[in-house]
1. Summing +1 for each Lys or Arg and -1 for each Asp or Glu, what net charge is found among the other residues whose Cβ lies under 13 Å from the Cβ of residue 15?
2. Which residues' amide hydrogens lie under 5 Å from the amide hydrogen of residue 80, considering only partners 5 or more residues apart or on another chain, with H built in the peptide plane?
3. Cross-link list 24/88; 13/116; 30/61; 24/65; 68/116: which exceed 20 angstrom alpha carbon to alpha carbon?
Amino acid sequence: MITEDYVSFETAKLLKEKGFNEIKCNTCYKWNGNFCNNRRSMSGIDNEICYQAPTLQMAMKWLRKAHKWHIEISRGEYGYFAYIMSTKNLSAENYSVQLEGRYDLSYEEACEAAIKYCLENLI
């Protein structure tokens, strides 16, 4: 069975700080890092202590639509790496990100690392 992969608690906090607020996001982390995976669990949670927890793909789409940064993950001879490209300005600098110097990352870990890089360094 295929399951959804969500951003980490730390990345969810960064997303909120950068303005992520999507109505279609039905999952969140509470202030203590506990995961809520449906709207019923989220009802009554104070918005100030709740961090939306989008899927990796939802976060990547938000970065692309809201901030014009496109993330592409590729598998090379020595593991996954990320290209982060501007869709706003074709002559803008693009980034090839070595993901923490690790070669054993899964695709999902590489997505998480690239999202976090964008939030911490480009927005």
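Bear in mind these aren't lab numbers, they're just calculated from the coordinates by the rules spelled out. All values reported here derive from a predicted model rather than from experimental measurement. Backbone-built Cβ (ideal geometry, glycine too); neighbour counts: all protein chains shown.
1. 0
2. Close amide H contacts, sequence-distant or interchain: 105.
3. On the way: 24/88 25 Å; 13/116 10 Å; 30/61 23 Å; 24/65 15 Å; 68/116 15 Å.
Pairs exceeding 20 Å: 24/88; 30/61.
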